[in-house]
Amino acid sequence: MENKLAIVPRVVVSGMLGEKDYGVLITDQRMIFVHERTSRLGIAAGLGGVAGGVIAERLAKRREFVYADGDPETLARIDGSIVISCSAIRYVRIKPSINVASAYAMRVEYEGENGKKTKFGCMLLPPESELSRRAAEGVKHEDILKEYALTAQGAFKLALSPNVRNSSQWIQ
């Protein structure tokens, strides 16, 4: 039986066609990155100015799941989900990002199904509601991001073998 260990409510993957938001269910066997939303704000803003960006953001597909109650296998089968077996993970690196001010980047290196080294990268960014709530409490933006990254880091560490945990690069 697969045991749920932790939930990371939001990570963001940037690509040429925009950003994708994922929620992550971490079990003792795998990390399930469930695709929640695709934002084409950057592309639309470039093509249609600010108005185009606002329209695209409103039309962005958004799905929200209750991971604590969700069946891992069902979540893994959702279209767009990325599933990484914990036993296949060889290295994790979390560090401050050079692309997004004060955010943290995570890279997971693992052995893919074809036996080749595969990399998955994302940004550890808290949900907008958490950012707003914490900012209203007077917490600095960079502190909110670091606290979220440290919490997410702790969650990801739960699923890793001691060898991988010890050989990976973590923030302090």
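Here are some notes:
- Considering GLU64, GLU128, the condition of being under 30 Å from GLN172 (Cβ atoms), surrounded by fewer than 17 Cβ atoms within 10 Å (Cβ to Cβ) and at pLDDT below 90 is satisfied by GLU128 alone.
- Candidates ILE89, ILE43, filtered to the one that is more than 17 Å from GLY23 (Cα to Cα), of a type in the set (A, V, I, L, M), surrounded by 13 or more Cβ atoms within 10 Å (Cβ to Cβ) and at pLDDT below 90: ILE43
- Filter pass, ALA56 being modelled with pLDDT of 95 or more, of a type in the set (A, V, I, L, M) and surrounded by 12 or more Cβ atoms within 10 Å (Cβ to Cβ): no
- Single unsatisfied condition, GLY115 versus (1) loosely packed, with under 15 Cβ neighbours inside 10 Å; (2) modelled with pLDDT of 95 or more; (3) not charged (D, E, K, R); (4) not in a helix (DSSP H, G or I): (2)
- All of (1) among the hydrophobic types (A, V, I, L, M, F, W, C); (2) assigned to a strand (DSSP E or B); (3) free of Cβ contacts under 8 Å to residues at least 60 places away in the same chain hold for MET106 with one exception: (3).
- Any chance TYR110 is surrounded by fewer than 17 Cβ atoms within 10 Å (Cβ to Cβ) and hydroxyl-bearing (Ser, Thr, Tyr): no
- Against the criterion of being loosely packed, with under 15 Cβ neighbours inside 10 Å, closer than 22 Å to SER14 by Cβ and of a type outside the set (Asp, Glu), ILE98 qualifies.
- Any hit, region 68-75, residues being outside any helix (DSSP H, G or I), at pLDDT below 95 and surrounded by 12 or more Cβ atoms within 10 Å (Cβ to Cβ): yes
- Matching option when the condition is in a helix (DSSP H, G or I) and aromatic (Phe, Trp, Tyr), among PHE120, PHE156: PHE156
The values are calculated or read from the model by the stated rules, or taken from the named source; none is laboratory data. Keep in mind the model is a prediction, meaning the values are calculated, not measured. No Cβ is skipped: glycine too gets one built from the backbone with ideal geometry, and neighbour counts run over all protein chains shown.
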